[in-house]
Amino acid sequence: MTDDSISSLPIQLAIRLTLDSVSYSNPLPNWFDILAINYSAREKVIRGKIEEYLNGTPPKSPYEVMVPKKNGQMARWVVPSINDQIVFQTCVSSIAEVIDEMTIDKARVFSCRYNRDSNRLALLENQVSAWKEFQDETKKRCESDQCVLQIDLEDAFRSVDRARFIDFLRKFSPDGISVKLLHLLLNTFAGAEPGCLS
């Protein structure tokens, strides 16, 4: 893998998006202030991680926590390292725009829309606005026609066929780096579990 291929990845954007996101859940040690992080040093570390992974070093398994579900059973919740979250976000950010342009029907998809703001601190548009737009459109359709609305999101990520999902993504990553890394990370994060873990 060439240095140019890795240099073209949006690592700086991924660092900003990930660290802004994790600052809310505060998995960083108490002595780190999000504003005091050396982004250049972090980028160097992430670039090194990507090179290691592309050269065959497997990612470390994520931290796992068993959390109770409403039905009384336990669910496995995985927490990858911050650096692996940044690598993952780098891959997603590198193909998100083209996937959004080529596959999303804006008249039918209201959530998880790609954020096109160049100063973004989030990959997706505001979900509160998206939810309101979805509610308004649903109300309009149900007032004008007979309709049935069914939503079933239980185990949505577990039901994804990981191999087919990766094949789908390959169409949007000409150099293949992003999809190769995503495949590696998803397999590590999910382990023996089916599908893609949320």
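Restricted to region 45-70, and to residues that are surrounded by 11 or more Cβ atoms within 10 Å (Cβ to Cβ) and of a type in the set (Gly, Ala, Ser), which residue is modelled with the lowest pLDDT?
The residue in question is Ser61.
Could you grab me the full set of residues in region 164-198 that are of a type in the set (Asp, Glu) and free of Cβ contacts under 8 Å to residues at least 12 places away in the same chain?
Result: Asp167, single match.
Please count how many residues of region 80-110 are touching a strand residue (DSSP E or B) at 6+ places or on another chain (Cβ under 9 Å), closer than 22 Å to Ser129 by Cβ and in a helix (DSSP H, G or I).
5
Can you tell me which residues in region 161-175 are of a type in the set (A, V, I, L, M) and surrounded by 15 or more Cβ atoms within 10 Å (Cβ to Cβ)?
Passing the criteria: Ile166, Leu169.
Of all residues in region 113-141, how many are assigned to a loop (DSSP other than H, G, I, E, B) and not acidic (Asp, Glu)?
Result for region 113-141: 10.
The values are calculated or read from the model by the stated rules, or taken from the named source; none is laboratory data. All of these numbers come straight from a predicted model, not from anything done at the bench. Backbone-built Cβ (ideal geometry, glycine too); neighbour counts: all protein chains shown.
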